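*Asks:* My questions will all concern the structure given below.
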Amino acid sequence: MYVAVKGGERAIDNAHRLLAHERRGDPAIAEIAPEQIAGQLTLAVDRVMAEGSLYDPEIAAIAIKQARGDLIEAIFLVRAYRTTLPRFGCSQPVDTGAMQVVRRVSATYKDLPGGQVLGPTFDYTHRLIDFDLAGTTTPAAPAEAAAPLDPAPHVTALLDGEGLIESNPDRAAEPGDLTREPLAFPAGRDLRLQALARGDEGFLLALGYSTQRGYGRTHAFAGEIRIGDVEVEVFAEELGFAVPLGRLRVTECEMVNQFKGSATVPPQFTRGYGLTFGQLERKAMSMALVDRALRAEDLGEETGSPAQDQEFVLSHVDNVQATGFVEHLKLPHYVDFQAELGLVRQMRREQAAAQTEADGRAEADKPAEADDLAATAATLDREAAE
Amino acid sequence: MTAAAYNFAYLDEQTKRMIRRAILKAIAIPGYQVPFASREMPMPYGWGTGGVQVTASILGRDDVLKVIDQGSDDTTNAVSIRKFFQKTAGVATTTATAEATVIQTRHRIPETPLQAGQVLVYQVPIPEPLRFLEPRETETRKMHALAEYGLMHVKLYEDIARHGHIATTYAYPVMVAGRYLMDPSPTPKFDNPKMHRSAALQLFGAGREKRIYAVPPHTEVVSLDFEDHPFEVNRFEQPCALCGAEGVYLDEVVLDDRGGRMFVCSDTDHCETRQAAGHRGTMASPIAAGEGGRRAD
Amino acid sequence: MPTDEAPLLMARGVTKLYGHRIGCQDVTFDLHAGEVLAVVGESGSGKSTLLSVLSTRAEPSAGRIEYRMRDGVARDLFRLNEAERRLLLRTDWGFVHQDPREGLRMGISAGGNVGERLMAVGERHYGRIRETAIDWLGRVEIDESRIDDTPRAYSGGMRQRLQIARNLVTAPRLVFMDEPTGGLDVSVQARLLDLLRGLVADLGLAAIVVTHDLAVARLLSHRIMVMRHGRVIETGLTDQVLDDPREPYTQLLVASVLT
Ligand SMILES: Nc1ncnc2c1ncn2[C@@H]1O[C@H](COP(=O)(O)OP(=O)(O)OP(=O)(O)O)[C@@H](O)[C@H]1O
Ligand SMILES: [Mg+2]
């Protein structure tokens, strides 16, 4: 007698109860507060905001807590929340040139207007576990500049002034939005950049790295990386001018890449661009490398490497999509598996039968081994009966 | 955030309208994959986000919803999706195929023939039947536009040359209304004939791949084959061990580690209905009849 | 073997520029049904460029190409829509690449490779497709027992013969070939040429064969076109041109073969 499994609903409820219990951990230890995450795990929050496509440190911090620190899960939570929000419109482009920088470095010049500003960076720390952090710490107050920093014009603007780098195209119409319209190939640079900005940091890092190792080389120089706050403004139709909405922390990377030119067109450097919410230098740099690699076809360069293939990159860059589809393999598939099982069994029977028949013909002169054959045939019959 | 904060059936009305427009276009061009601006849903991609968006867009307050996965109303993902609509739309749900007005499914078509007025919504992982022959979207769209489907037959030819059979057992490609090649979603090919001239409207939603397609009622749906290797459905050599049904799709249940197994209906509603009507298989419990009936979720 | 019928293919002033570089320039000729035209010339003279424009694989910068369809109507090739063009490419035309890997599906069996065009035009009988494939493998001297092997398991010469079979199975009227015997060793070349000559004659195919090998041209073609710097500098019956070249450049070409 057999009774089919029931109670999927109760199993799910119990699983979620256990999850909540595990998330809380040892009740003797203070529960972590979202403010602690937002205030002390800022780079995790930045990543969740960037890939979640929503600038809201509080929501991101709660999502990280809810996801037990699984950042892709947290990104997923933020995305699902974002979909339910109304869309009011499109802001003015942020002016990163007017950014209040907390960090700004250029690899292409020793010194430049606005200076090199190291800011809060892991660079040049020695990666030794700091056992003091096992306890509570009181770091020294940050050193402050005697005078406000000089304005820092973009490195690419300096090059552009001399005509040494391709100019950015004039601001066209409102950029596309792949969360509103399905992506069609070939996708314009606006949509490509949006996809990269939302894209998985690890995937972009690997692709960017691959271009450096020769899979779609772009001869990149980090013209500039800047991190700081920018004003977001929206144009108010009824007022006739732009009004500020608030400030965002962003990271921008401008790569200066291999020049193009010909007998008639003087050579110029080309651009690769990366922009992310928060302080995400690795992501912004990877994005700039991949953006440039994806322009290979438009610039008439040899193509064929993964990072240059927009269908490949854009179809696989989104980690919420990727994780859903990879993980859906754990859903039941037994109906299809049953169909495959049936076919494999059938084909094995047919093959064995054909083999038996062939052997039978060959064995006709050798009656001594006929017993084996009969045994095989009997096994097959049994299998066939099932 | 509580359920009350969300719109009826979760999606906002503007999104639903956009999806309904895509559905109407899909119905107008049977088998054609209509791109749509798939939203990010609160369940993972690959877990039915396409089907859920289609269902959410067509659901009305009077609808009666049934959700199955692998033919069963009680598999975890089916439970989860049904719960989602109970919470966000508050519609009546059922496990009885005949009582449902909208049935969302993953991997099966119910055994009970569908009727006019019913809608079957399929969850689709990869909508493009040519995807594994040609990975590029730009190229496959061109192949559909020009009805260049020879390559699909090359694949079937290779199956026969290699295995003596067409070795595709699920997601078996079909021609819809003599024009578009279509992936029926990963249903076993056993279910393909049920799509042909079905009285119900069949809608297919692929959330991650952002495509919707449809088979309107009474449309020709023909499984690809060769004249001398005609399409055949999967066969089972014994009836359901619980309800004795024949000519239905069966699940193999492993009973022990010594080769003991039994075969039971994959469509649990069908099986329970038959048992309630007194049908018995070889391994059915004699008294389970009463409790084998329907659950009202 | 010119006939008084209208030409199958008509090229007028066909020009293809790559920026400022000339691919081919102002090429004009007629090709009749059943006629084999060889295009010869040194490396870089524009042979492959011309072939790719004639076969609509590249767009000309100037000029016009007309093709007489099966219904007898001559059509401007670059006015065909994509569906018509692709149908032409897979039914009435063949294209034999120098590198068989470009013209074959390397992961698909020889039978599937030969059968693809049949299935593309609607053949739905497995047995007939297989019979036709076996027949064609025989015609290109590939043993029937190899029908289920993929081209990966084939030698270079076999691959080239398979590519030819795959192209000819739909009985095209015109076949383009770019160095069909290039990259093969001499004894294999001779056998392939023999085979090609037989097939072309039996089927009454028209062909445009690009080669820098004058021996290939002599063996296969009725007429010859000599190209230099993208232009046609001499044209005529093959034997005439090869035995009695008018142009000093052609004389050089012929001489360098003879020495
Ligand atoms: N894609 C291209 N871009 C730019 N120039 C090209 C391109 N293809 C060919 N060319 C140029 O056009 C001219 C003709 O080249 P083509 O390949 O047609 O010569 P060919 O006669 O086939 O030579 P070979 O015998 O070496 O194959 C050459 O100068 C070549 O450099
Ligand atoms: Mg060439």
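*Asks:* Please tell me if C:Met119 is more than 16 Å from ligand 1 (Cβ to nearest atom), at the interface with chain B (Cβ under 10 Å from one of its Cβ atoms) and of a type in the set (A, V, I, L, M).
*Replies:* Yes: the conditions hold for C:Met119.
*Asks:* Which of the residues belonging to segment C:164-188 are more than 16 Å from ligand 2 (Cβ to nearest atom) and closer than 12 Å to C:Gly94 by Cα?
*Replies:* Selection gives C:Ile164, C:Ala165, C:Arg166, C:Asn167, C:Leu168, C:Val169, C:Thr170, C:Ala171, C:Pro172, C:Arg173, C:Leu174, C:Val175.
*Asks:* While we're looking at this one, here's another question. Which condition does C:Asp185 not pass, out of (1) within 16 Å of ligand 1 (Cβ to nearest atom); (2) at pLDDT below 90, if it passes all the others?
*Replies:* C:Asp185 satisfies every listed condition except (1).
Okay, residues lined up against (1) in a loop (DSSP other than H, G, I, E, B); (2) assigned by TED's automatic domain parsing to the domain that holds A:Ser106:
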position: A:Thr137; (1), (2): yes, no
position: A:Ala140; (1), (2): yes, no
position: A:Asp160; (1), (2): no, yes
position: A:Glu174; (1), (2): yes, yes
position: A:Arg180; (1), (2): yes, yes
position: A:Pro186; (1), (2): yes, yes
position: A:Asp190; (1), (2): no, yes
position: A:Ala195; (1), (2): no, yes
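*Asks:* Please tell me if C:Asp135 is touching a Ser or Thr at 6+ places or on another chain (Cβ under 6 Å), outside any strand (DSSP E or B) and either at pLDDT 95 or above or more than 8 Å from every other protein chain (Cβ to nearest Cβ) (or both).
*Replies:* No; evaluated as a whole, the condition is false for this residue.
*Asks:* For B:Lys87, all conditions in the list (1) away from every other protein chain (no Cβ under 12 Å); (2) under 23 Å from B:His218 (Cβ atoms); (3) of a type in the set (Lys, Arg) hold save one; what is the number of the exception?
*Replies:* With respect to (1) away from every other protein chain (no Cβ under 12 Å); (2) under 23 Å from B:His218 (Cβ atoms); (3) of a type in the set (Lys, Arg), B:Lys87 is out only on (2).
*Asks:* Output the number of the condition that C:Pro172 fails; it satisfies all remaining conditions of (1) surrounded by 14 or more Cβ atoms within 10 Å (Cβ to Cβ); (2) part of a loop (DSSP other than H, G, I, E, B); (3) within 13 Å of chain B (Cβ to nearest Cβ).
*Replies:* Of the numbered conditions (1) surrounded by 14 or more Cβ atoms within 10 Å (Cβ to Cβ); (2) part of a loop (DSSP other than H, G, I, E, B); (3) within 13 Å of chain B (Cβ to nearest Cβ), the odd one out for C:Pro172 is (3).
*Asks:* Cβ-Cβ under 7 Å, sequence separation 6+ or interchain: first residue in segment C:228-247 and of a type in the set (Lys, Arg), partner within 16 Å of ligand 2 (Cβ to nearest atom) and part of a loop (DSSP other than H, G, I, E, B). Which pairs?
*Replies:* Matching pairs, first to second residue: C:Arg228/C:Ser45.
*Asks:* Given (1) within 16 Å of ligand 1 (Cβ to nearest atom); (2) modelled with pLDDT of 95 or more; (3) open to solvent by less than 20 Å² (accessible area, probe 1.4 Å), where does C:Gly41 come up short, assuming only one miss?
*Replies:* Unmet for C:Gly41, out of (1) within 16 Å of ligand 1 (Cβ to nearest atom); (2) modelled with pLDDT of 95 or more; (3) open to solvent by less than 20 Å² (accessible area, probe 1.4 Å): (2).
*Asks:* Sticking with this one: State which residue is farthest from the other protein chains (Cβ to nearest Cβ) when the search covers only segment A:79-96 and only residues that are part of a helix (DSSP H, G or I) and not aliphatic (A, V, I, L, M).
*Replies:* This residue is A:Thr96.
*Asks:* Does B:Tyr213 satisfy being under 14 Å from the mean Cα position of the chain (by Cα), aromatic (Phe, Trp, Tyr) and either surrounded by 17 or more Cβ atoms within 10 Å (Cβ to Cβ) or within 14 Å of another protein chain (Cβ to nearest Cβ) (or both)?
*Replies:* yes
*Asks:* Would you pick out the residues in segment A:240-250 that are of a type in the set (A, V, I, L, M, F, W, C) and open to solvent by 100 Å² or more (accessible area, probe 1.4 Å)?
*Replies:* Within segment A:240-250, A:Phe241, A:Leu245 meet the criteria.
*Asks:* Kindly provide the set of residues from segment C:98-121 that are open to solvent by 20 Å² or more (accessible area, probe 1.4 Å) and closer than 24 Å to C:Gly204 by Cβ, ordered by number.
*Replies:* Result: C:Glu116, C:Arg117, C:Leu118, C:Ala120, C:Val121.
*Asks:* Can you name the condition, by its number, that C:Arg68 falls short on among (1) of a type in the set (D, E, K, R); (2) touching a strand residue (DSSP E or B) at 6+ places or on another chain (Cβ under 6 Å); (3) within 16 Å of ligand 1 (Cβ to nearest atom)?
*Replies:* Only one criterion is unmet by C:Arg68, namely (3).
*Asks:* Moving on to the next point. Among the residues of segment B:123-149, which ones are touching a residue at least 24 places away in the same chain (Cβ under 8 Å), under 24 Å from the mean Cα position of the chain (by Cα) and part of a loop (DSSP other than H, G, I, E, B)?
*Replies:* Hits for segment B:123-149 are B:Val124, B:Pro125, B:Ile126, B:Pro127, B:Glu128, B:Pro129, B:Leu130, B:Tyr149.
*Asks:* Can you give me the ranges of the helices (runs of 4 or more DSSP H) entirely in segment C:193-259 with at least 1 residues that are among the small types (Gly, Ala, Ser), open to solvent by 70 Å² or more (accessible area, probe 1.4 Å) and more than 16 Å from ligand 2 (Cβ to nearest atom)?
*Replies:* Where helices (runs of 4 or more DSSP H) fall fully within segment C:193-259 and carry at least 1 residues being among the small types (Gly, Ala, Ser), open to solvent by 70 Å² or more (accessible area, probe 1.4 Å) and more than 16 Å from ligand 2 (Cβ to nearest atom), they are C:248-258.
*Asks:* Answer yes or no: is there a residue in segment A:171-190 that is over 30 Å from B:Lys16 (Cβ atoms), open to solvent by 50 Å² or more (accessible area, probe 1.4 Å) and small (Gly, Ala, Ser).
*Replies:* yes
*Asks:* Filter segment C:44-62 for residues that are of a type in the set (Lys, Arg) and near ligand 1 (Cβ under 7 Å from one of its atoms) and give the result.
*Replies:* C:Lys47
*Asks:* Going through A:Val78, A:Val102 one at a time, which residue ends up being among the aliphatic types (A, V, I, L, M) and touching a Leu at 6+ places or on another chain (Cβ under 7 Å)?
*Replies:* A:Val78
*Asks:* Take B:Pro239 and tell me if it is open to solvent by 20 Å² or more (accessible area, probe 1.4 Å) and either assigned by TED's automatic domain parsing to the domain that holds B:Glu137 or under 21 Å from the mean Cα position of the chain (by Cα) (or both).
*Replies:* No; evaluated as a whole, the condition is false for this residue.
*Asks:* Please go through (1) buried (at least 19 other Cβ atoms within 10 Å of the Cβ); (2) over 27 Å from A:Ala293 (Cα atoms); (3) in contact with a Gly (Cβ under 8 Å, 6 or more places away or on another chain) for A:Ala339 and return the number of the only condition it doesn't satisfy.
*Replies:* (3)
*Asks:* Let me ask something additional. Of a type in the set (Asp, Glu) and more than 30 Å from A:Lys260 (Cα to Cα): does that describe A:Glu302?
*Replies:* no
The values are calculated or read from the model by the stated rules, or taken from the named source; none is laboratory data. What you see is a predicted model, and the numbers here were worked out from it, not measured in a lab. Backbone-built Cβ (ideal geometry, glycine too); neighbour counts: all protein chains shown. Just so you know, the surface numbers come from the protein's heavy atoms only, side chains and all, with ligands and any DNA or RNA stripped out. Shrake-Rupley method; radii C 1.70, N 1.55, O 1.52, S 1.80 Å.
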